[in-house]
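Structure first, commentary second.
The values are calculated or read from the model by the stated rules, or taken from the named source; none is laboratory data. Note that the coordinates shown come from a computational prediction; the quantities given were computed from them, not determined experimentally. Every residue, glycine among them, receives a Cβ derived from its backbone with ideal geometry; neighbour counts consider all protein chains shown.
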Amino acid sequence: MKEWYGSAAICINDQHEVLMVKANDTEGWAVPSGGMENGETPEECCIREVKEETGYSVEIINERFVKETEIEGIFVRTSYFLVRKIGESLGIQDPDNTIIEVGWKSFDDVASMIHAYPEDQDVLLELLKTDASC
């Protein structure tokens, strides 16, 4: 079976909004994420993907969980990290040109929006309910 390894970033601001992106190949929103490049650690992948997809520099706070699944015959392992943004966004820098929108989403937004990965919705809502700002 083929394998894919990647990382995802959960960043919550002082207004209790989560940083999310929308790609041109889906109608749903997701936290910034992507696949690991050769020689990259999950943490390095997470930091790079956030920078590319949102323009924000971030630092890792901790690993929250690892999601493992199978998609179309491919084993997928994604490490989810809670991150803190550093400074302001320099704008989307996605080399794949797939990210079309970046936004900070409130609890109500996350509760009502279409998610690219619906299984992430409950995790995000739980973090937004607590004082998990980064």
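Miscellaneous remarks
- Among residues of segment 1-30, those that are touching a Leu at 6+ places or on another chain (Cβ under 7 Å) and either in a strand (DSSP E or B) or β-branched (Val, Ile, Thr) (or both), counted: 4
- Tally of residues being of a type in the set (D, E, K, R), surrounded by 12 or more Cβ atoms within 10 Å (Cβ to Cβ), within 14 Å of residue 19 (Cβ to Cβ) and out of contact with any Cys (no Cβ under 9 Å at 6 or more places or on another chain) across segment 83-117: 2
- Filtered residues of segment 90-108 (kept if under 20 Å from residue 124 (Cβ atoms) and among the polar types (S, T, N, Q)): 106
- Filtering segment 71-82 to residues that are hydrophobic (A, V, I, L, M, F, W, C), surrounded by 12 or more Cβ atoms within 10 Å (Cβ to Cβ) and farther than 15 Å from residue 57 by Cα leaves 75, 76.
- Unique match (being more than 15 Å from the chain's Cα centre (by Cα), modelled with pLDDT of 95 or more and aromatic (Phe, Trp, Tyr)) among 75, 81, 65: 75
- When segment 46-72 is filtered for residues that are of a type in the set (Asp, Glu) and either part of a helix (DSSP H, G or I) or at positive phi (or both), the ones remaining, listed by number, are 49, 52, 53, 72.
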